[in-house]
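The values are calculated or read from the model by the stated rules, or taken from the named source; none is laboratory data. Keep in mind that this is a model prediction, so the values were computed, not measured. For neighbour counting, all protein chains shown are included, and Cβ atoms are generated from backbone atoms with ideal geometry for every residue, glycine included. Note: areas computed on protein heavy atoms with side chains; ligands, DNA, RNA excluded. Shrake-Rupley method; radii C 1.70, N 1.55, O 1.52, S 1.80 Å.
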Amino acid sequence: MEQEITFLEYAADAVVVGAGHAGCEAALALARTGQNTALLTLNLDSIAFLPCNPSIGGTAKGHLVREIDALGGEMGIVADKTALQIRMLNVGKGAAVQSLRAQSDKNAYHREMKQVLENTPNLRIIQAEAAEILVEDNKCVGVKTTYGGVISCKAVILCTGVYLNGETITGNVVQKSGPNGFAPANHLTESLINIGFNVRRFKTGTPARLDGRTIDYSKCEIQNGDTDIYPFSFMHDNPPENKMPCYLTYTNLETHGVIMENLDRSPLYNGVIQSTGPRYCPSIETKVVRFKDKERHQIFLEPEGADTLEVYVQGMSTSMPHDVQRKMYASVAGLEKADIMRYGYAIEYDCIDTLDVLPTLEFKKVEGVYTAGQINGTSGYEEAAAQGLMAGLNASLKLRGLPPFILRRDEAYIGVLIDDLVTKGTDEPYRMMTSRAEHRICLRQDNADFRLTEKGYACGLVTEARLARYQARKAKYEELLEKMRTRLPLKEVAPFLQKYGYDQPSSGVSYADMLKRSIPLKDIMEHFDVFKEYGKDVIETAEITVRYEGYLKQGLEMIERAKKLEDKALPEDIDYDTIAGLRLEAREKLNRVRPMNLGQAGRISGVNPADVSVLMVWLATR
Ligand SMILES: Cc1cc2nc3c(=O)[nH]c(=O)nc-3n(C[C@H](O)[C@H](O)[C@H](O)COP(=O)(O)OP(=O)(O)OC[C@H]3O[C@@H](n4cnc5c(N)ncnc54)[C@H](O)[C@@H]3O)c2cc1C
């Protein structure tokens, strides 16, 4: 056995392990705030790879992308540049849940992000597998690769995704592999356990990719992109061009029959897969079993790129054996003669328990070790990117001796995401949803820059150019709001109001009053020939502020009430076992999570309101 060689490969301030969606944002946040950063990945060709759905955004995920952009992150910019089409989801619902979703060109997304990374000063990209985290006196001092190279550093951001001891499963074929045949990472988990991480196993799955030439689209409904919407990035004026459509089709009873007849061959149902999968991205097998009464399930046919024939079958993720997959897909309208280019599969991977990390995503047991993305038990490119940005930024702030940057639940979806992870933890892949955000009426995607850009600037990540754009947009918004609230002379508005069946008002009326009377803004703008000089994004935010005035007021009152508990800080060194009146379960959970304030304490599962009252009294008597 050859003598194990160890050599100093590179001396950095920080190392980011993994160049997926978390790793890219973490590395950019560190390098752009002046940290000498090394980015390790198993394969440069998998940088920012989209192993599952070829899309960025969607319900609540679109909010995350806008927030990442508002803070100076990269995902929104790359998503706009590499979109095949873009749509606004939930337009029939309230402003709080409307979300952008772009169909992304996978290969272009990878290329674009790789170029951004390669052209970023202070950033060095290395194709190598991290095998060990080097620790001295509970502090991170470096990362060692499987080739013996040591990169010394004071901070490491672990963004290993679905690769840690990755195993792909199709039928009863289990292979050590990352997604799409990329190599797995088989060495690091042991080191993570040695430094104190609780490691568990999660699973996710993906559908087949079909040859688009062999799909009969005449049997499907076309879905084109939207035009009159705004882009992901606040740095862009116009939405991406819609280049390629998607198509809608459905499974049917024949599809469901094929699945039920072969359920014993599904690794999900015959015990081959033991780990926990995403509840909100279920496989088609799980949907058919769980919703037996449904005669059909929606299937979206999504192009994977302008330079490939591959079509992604959204809604039909599976790990059934290949012969069963062929029958399943062929039973769907339009896919009768479709050729499968890549079969669906499931993947199991190691991830950690986030009750062991701080709201900065730093590991509680070893200083300088941070975790972000799928390794934290989340599922989704957007969730990963948001964590990567926050972990990278907090590592950089700590290296610069500056206070941490933690977003509260009333400030951002990113705040909700991280607070849920470090306060409640998760026993299954965690996907962001608008229902998780109690303050969602205030956390809309249209106002992400108003909420976050100044904070990103204070952390050194937001550029002067982005700050100037934000300030200009804010100024226009305030100007428009003022105009909307300007009272118009009675004789000018009366005839217009009558058209909508409103009686003659007693005094002058403002445009805002008319909006609140649900008169369409478009009609007001046409009739009075106003506001045409403002951009779609500014008009939308102003209109929402006026129309939702009551809800927003309630929302802000709710935030003020929540803040009362959030502002009650809890000392870091409390021994909860010594506080009389606290229940045993609460003591255990409080000692484990070590909440920063009473608000966070109250969100820990197993800590009930009575326990929070005990803590309140304890704090008051101290
Ligand atoms: C089959 C499949 C299906 C999925 N289905 C869904 C879904 O339905 N819905 C959904 O929201 N999300 C889904 N996802 C998840 C989505 O892909 C991830 O959430 C997202 O890619 C996570 O981003 P990440 O940055 O955490 O990790 P990844 O994108 O997985 O990137 C990890 C990176 O780490 C590198 N790496 C890992 N270990 C090491 C090491 N030791 N040394 C050096 N480099 C290392 C890899 O090379 C890679 O660059 C699916 C993923 C897969 C693979």
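Provide the percentage of antiparallel DSSP beta bridges, counting only those with both residues in the chain; round to the nearest 5. Given both bridge residues lie in the chain, the antiparallel proportion sits at roughly 70 percent. As a rough guide to protection, the peptides 147-154, 300-307 ranked by mean Cβ packing within 10 Å, highest first, stand as 300-307, 147-154. Derived scalar couplings between HN and Hα for segment 179-193 equal x, 6, x, 5, 5, x, 10, 9, 10, 6, 4, 4, 5, 5, 5 Hz in order, rounded to whole Hz, by the Karplus curve 6.51 cos²θ - 1.76 cosθ + 1.60 (θ = phi - 60°), x for Gly and Pro. On the beta carbon distance between residue 118 and residue 176, with R0 = 35 Å, the FRET formula returns roughly 0.70. A 1.4 Å probe run over the chain, with the rest of the protein chains in place, finds 41 Å² accessible per residue. The fraction of accessible area contributed by carbon and sulfur in segment 486-559 is 54 percent, rounded to a whole number (1.4 Å probe; ligands and nucleic acids excluded). To the nearest Å, what is the center-to-center distance of segment 478-556 and segment 574-622, using C-alpha atoms only? Each part reduced to its Cα centre gives a spacing of 48 Å. Amide H to amide H, with H built 1.01 Å from N, residue 223 comes under 5 Å of 246, 247, 248, counting only residues 5 or more places away or on other chains. Among the GluC sites (Glu not before Pro) in segment 538-613, those located in a DSSP loop and surrounded by at most 13 other Cβ atoms within 10 Å of their own Cβ are 572. Between residue 561 and residue 464, the modelled label-to-label distance comes to 4.6 nm, taking each label 7 Å out from Cα in the direction of the beta carbon. Measuring nothing but how far apart in sequence close Cα pairs (under 8 Å, 6+ apart) lie, relative to its length, the chain scores a relative contact order of 17 percent. For the pair residue 591 and residue 193, a Förster radius of 25 Å applied to the C-beta separation gives a FRET efficiency near 0.70, rounded to the nearest 0.05. Post the alpha-carbon centroid distance, segment 289-316 to segment 155-184, in whole angstrom. The distance from the Cα centre of segment 289-316 to that of segment 155-184 comes to 23 Å. Collect residues whose amide H, placed 1.01 Å from N in the peptide plane, falls under 5 Å from the amide H of residue 510; neighbours closer than 5 in sequence don't count. When sequence neighbours closer than 5 places are left aside, the close amide H contacts are 488. Scoring 358-364, 512-518 by mean Cβ neighbours within 10 Å over their residues and listing the highest first yields 358-364, 512-518. For every other residue with a beta carbon closer than 10 angstrom to the beta carbon of residue 192, add +1 if it is Lys or Arg and -1 if Asp or Glu, then tell me the sum. For residues surrounding residue 192, the net value is -3.
Loop-located trypsin sites (Lys or Arg not before Pro) in segment 216-305 (DSSP state other than H, G, I, E, B) with a sparse environment of at most 15 neighbouring Cβ atoms within 10 Å: 243, 279, 292, 294, 296. Among the protein heavy atoms of segment 326-478, carbon and sulfur supply 52% of the accessible surface, probe 1.4 Å, non-protein parts ignored.
Scanning the chain for long hydrophobic helices, with DSSP H runs required to stretch 20 angstrom or more by C-alpha along their axis and to average at least -0.5 on the Kyte-Doolittle scale, returns 381-399. For segment 204-288, GluC sites (Glu not before Pro) meeting the loop criterion (DSSP other than H, G, I, E, B) and having at most 14 other Cβ atoms within 10 Å: 241.
Would you mind working out the magnitude of the charge dipole of the chain relative to its Cα centre, with +1 at each Lys and Arg C-beta and -1 at each Asp and Glu C-beta, to the nearest 20 Debye?
Magnitude of the dipole: close to 1220 debye.
For residue 339, the amide hydrogen comes within under 5 Å of the amide hydrogens of 211, 214, counting only partners 5 or more places away or on other chains and with H modelled in the peptide plane.
For the residues 210, 355, a 1.4 Å probe over the protein chains yields an accessible-area ranking, largest first, of 355, 210. With a Förster radius of 51 Å applied to the C-beta separation of residue 293 and residue 137, the computed FRET efficiency comes to 0.30.
Viscosity 0.692 mPa s, temperature 37 °C: what is the translational diffusion coefficient of the chain from Stokes-Einstein with a Kirkwood Rh over Cα pairs, rounded to a whole number of µm²/s?
D = 126 µm²/s.
Applied to segment 125-141, the Karplus parametrisation 6.51 cos²θ - 1.76 cosθ + 1.60 on θ = phi - 60° returns per-residue 3J(HN,Hα) values of 9, 10, 7, 6, 9, 6, 10, 8, 9, 8, 10, 10, 6, 6, 10, 6, 10 Hz, with x for Gly and Pro.
Against the criterion of solvent-accessible heavy-atom surface with a 1.4 angstrom probe, 459, 281 sort, most first, into 281, 459. Phi-derived couplings, Karplus 6.51 cos²θ - 1.76 cosθ + 1.60 at θ = phi - 60°, listed residue by residue for segment 346-352: 10, 9, 10, 7, 7, 8, 10 Hz, with x used for Gly and Pro. With a cut-off of 14 Å on the backbone N, the residues of segment 390-417 near the modelled label site 7 Å out from residue 569 along Cα-Cβ are 403-406. Straight-line cross-link reach from residue 154 at under 19 Å between alpha-carbon atoms covers these lysines, not counting any fewer than eight positions away in the same chain: 139, 144, 364, 365, 398.
In segment 103-170, the portion of solvent-accessible area held by carbon and sulfur atoms comes to 41 percent [1.4 Å probe, whole percent, DNA, RNA and ligands not counted].
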